[in-house]
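Working notes for the structure below.
Every number in this text was worked out from the coordinates using simple rules, so none of it is lab data. These figures come from a predicted structure and were not determined experimentally. So basically every Cβ, Gly included, is an ideal-geometry build from the backbone, and we count neighbours across all protein chains shown.
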Amino acid sequence: MSEPNVFITGAAAGIGRETSLLFARNGYRVGAFDIDDAGLASLKAEIDGFGGSVVTGVLDVTDPAGWAQCLADFAGESGRLDILINNAGVLSSGRFEDISLAAHRRMVDINIIGTLNGTHTAFPYLRDTVGAQVVNLCSASAIYGQPELATYGATKFAIRGLTEALDLEWAHHDIRVLALWPLFVQTAMVAGMDTGATRSLGIKLTATDVAKELWAATRGAGRVHKVHYPVGTQAKLFLSASRFSPAWLSRLMNKRVTST
């Protein structure tokens, strides 16, 4: 049997890079895709250096034709796709009215449309691969709308809904769909970020922490089918509390945490 494979977007840096390295070290053929060609070259050199298997390519996730080409090139004649990881994303923080409309649109285009493009285009490969999985990078900001992260959080609410629906819809195709829920992660995405939430909670997670949780999540659903995987103690507490708190209490907690 050929080695299992994984297709990862936003792979040149941060969570995507650490995830690519982890899967490569564990025997996966990694498809690492990003718009950062130099970052991909560095990643490839590192994986080649320890004898891993990696294919890199430039991919703008907002381009459906680019998705079709990259998936076809990566899957090849076998058509195999064990895991798709929709990791590519962007974030702009601040007061809603102070963020340019172009920046709001960019978050929607990359975080939502990029995930839709990839998941839709990858479906035939996933359907034809036994035990295939889709991992969507969600966020703890999808628990309750966060001031200063309004549109970013909204994009992650969309990813949450998409994940839940497709996990149900695609179950009869033997495709598992799950979402990872980190809070703030020490990557370039949050460099210089100063919001009420970051001041209250800090930025405690590393990209390696998230990659390890992602790896563990893809090892199997276990006896109880699980869709959402919070990453880190803070995200786990907030997600658990949200399941039992009335709406007014969730709003109050969020107001206090974000200092608004």
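Evaluating 6.51 cos²θ - 1.76 cosθ + 1.60 at θ = phi - 60° for every residue in the stretch 114-121, the Karplus couplings come out as x, 5, 4, 4, x, 5, 5, 5 Hz, glycine and proline recorded as x.
Out of every Cα-Cα pair that the stretch 109-182 contains, those further apart than 14 angstrom amount to 59 percent. Could you let me know the centre-to-centre spacing of the stretch 48-88 and the stretch 126-183, using Cα atoms, in angstrom? For the stretch 48-88 versus the stretch 126-183, the Cα centre distance is 19 Å. Report note on the peptides 59-68, 146-155, 106-115: ranked by the mean count of other C-beta atoms within 10 Å, highest first, their order is 146-155, 106-115, 59-68. Taking every alpha-carbon pair in the stretch 1-78 and binning the separations at 10 Å intervals from zero gives 21, 55, 23, 1 percent. Taking the alpha carbon gyration tensor of the stretch 1-148, multiplying each eigenvalue by 5 and rooting it gives semi-axes of 28, 17, 14 Å, largest first.
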